[in-house]
1. For the stretch 1-147, what is the largest minus smallest coordinate of the Cα atoms on each principal axis, given in angstrom and ordered from greatest to least?
2. Using just the C-alpha positions of the stretch 224-281 as equal point scatterers, what log10 of I(q)/I(0) does the Debye formula give at each q in 0.24, 0.27 1/Å?
3. Return the single residue from M169, M49, M191 with maximal mean-square fluctuation; model: Gaussian network over the chain, springs between Cα atoms under 10 Å.
4. When K42, K71 are ordered from fewest to most other Cβ atoms inside 10 Å of their Cβ, what list results?
5. Setting aside same-chain residues fewer than 8 positions from K42, which lysines have a Cα under 19 Å from its Cα?
6. For a quick check: sort L228, L268 by the number of other beta carbons within 10 angstrom, fewest at the front.
7. What shape does the stretch 1-43 have by the C-alpha gyration tensor, where a ≥ b ≥ c are the square roots of the eigenvalues, rounded means a/c under 1.5, and otherwise prolate means a/b greater than b/c and oblate the rest?
8. Considering the values (1) 37; (2) 55; (3) 48, which represents percent of Cα pairs over 26 Å apart as calculated for the structure under consideration?
Amino acid sequence: MPVIELSHISKSFGAVKAVDDVSFSVEKGELFGLLGPNGAGKTTSIRCMLDIFKPDSGSISILGGPMTEAKKDRIGYMPEERGLYQDIPLERCLAYLGSLKGLSEAEVKRRAAGYLERFDLAAHKHKKVKELSKGMQQKAQVIATILHQPELLIVDEPFSGLDPVNTQMIKDLLREQREAGVTVVLCSHQMHLVEELCDRIVLIDHGHVMLYGALEEIRRQFAANAVLVKGADGVPALEGVERVEPVNGAVKLHLRPGVQPQEVLRELVRRDVPVEHFEIALPTLDEIFIRVVQGRSGF
């Protein structure tokens, strides 16, 4: 049974239909990408999942059925708009937020200690939250979201304001959560990170589901007739190649209609070209995102 299942949900605010017949599911223990441009309906969908908003139509199942107060303690939600109290020390802030999930202050301190060390915040735990840098506050928000060891974790833009070192820390943490059996829903505009972390995605635009499924299948669906080739001595001109595009030390060969990648590989072998790398050229998630969103907008 899926941990999250949305079935044909719609939600309007006055004349604006924020979510329109959206359906998707998230399986237990997966790291799932929830994507879309600003104003696409992602946040409204999340708020419907969490029972903050009631959908106008459709049904939602969370952790095996309708949302309950008890289930909320099994969920960790990190919204894009941060929720740390600015005028109290970080340690006290974590204790309070943990208490809302049923943890004692002693338990919060015990659980937080390792995370504070790991994220280089231990020396700053007595500072007021507003005295911390944006990146430090971001890491503190992540800690607050996972302290109660949720079964379902929903994180909205968790990498915002982080440098590469801290981004890697959060990536490692999300992978660890998945490996521990936690179901993770990741919302991010950083497509390369979604591509790196998620096996399945849903892309929502103007309240509609535009793409849904396994990321690798979606990339193949949008693949052009092209191959990436890297040769020790370069790649010679080949019959059937329409255009050559340099790509990070290799070349992307755009093939004429009807020409198959296997034909190019056979020709390279026949001509004894030393090939170091050969693969079907699949588009990045960034490229797919732009094509889908701009295509729907009529560009």
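Any read-out appearing in this document is the output of simple, stated calculations on the displayed coordinates, not a laboratory observation. Nothing here was measured: the structure is a model prediction, and the numbers come from that model. Positions of Cβ are generated from backbone atoms using ideal geometry, with glycine treated the same way; all protein chains shown enter the neighbour counts.
1. Cα extents, longest axis first: 48, 31, 24 Å.
2. Rounded to two decimals, the profile gives -0.94, -1.22.
3. Top of the fluctuation ranking is M169.
4. K71, K42
5. Of all the lysines, those that pass the test against K42 - Cα under 19 Å, at least 8 places apart if same chain - are K11, K17, K54.
6. With the fewest neighbours first, L228, L268 line up as L228, L268.
7. Since a/c reaches 1.5 but b/c is at least a/b, the shape of the stretch 1-43 is classed as oblate.
8. Checking each listed value against the structure points to (2).
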